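Take a look at the structure set out below.
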Amino acid sequence: MWSIVLMGLAGLLAGGALSFRQQKKPLWTQIAFSVLAAMSLLAAYLLTLPAA
């Protein structure tokens, strides 16, 4: 369940990064949103791994 929520959040963050790019906003905002999207995808992946 949480992995689906995190993947949706990653999609929103990636869309925000692309939107900031089109609006010619500062580069650090694009990088920050991209990093947060990547971290969200990583967390979603880690939640799908079986507990060892």
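The values are calculated or read from the model by the stated rules, or taken from the named source; none is laboratory data. What you see is a predicted model; the values in this text were computed from it and never measured. Note: ideal-geometry Cβ built from the backbone for every residue, glycine included; neighbour counts use all protein chains shown. Heads up: the accessible areas ignore ligands, DNA and RNA and are worked out on the full protein's heavy atoms, side chains in. Shrake-Rupley method; radii C 1.70, N 1.55, O 1.52, S 1.80 Å.
Data table
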{"item": "Count - residues of segment 28-52 that are open to solvent by less than 70 Å² (accessible area, probe 1.4 Å) and under 12 Å from the mean Cα position of the chain (by Cα)", "result": "9"}
{"item": "Some residue of segment 20-27 being more than 8 Å from the chain's Cα centre (by Cα), surrounded by 12 or more Cβ atoms within 10 Å (Cβ to Cβ), of a type outside the set (A, V, I, L, M, F, W, C) and outside any helix (DSSP H, G or I)", "result": "yes"}
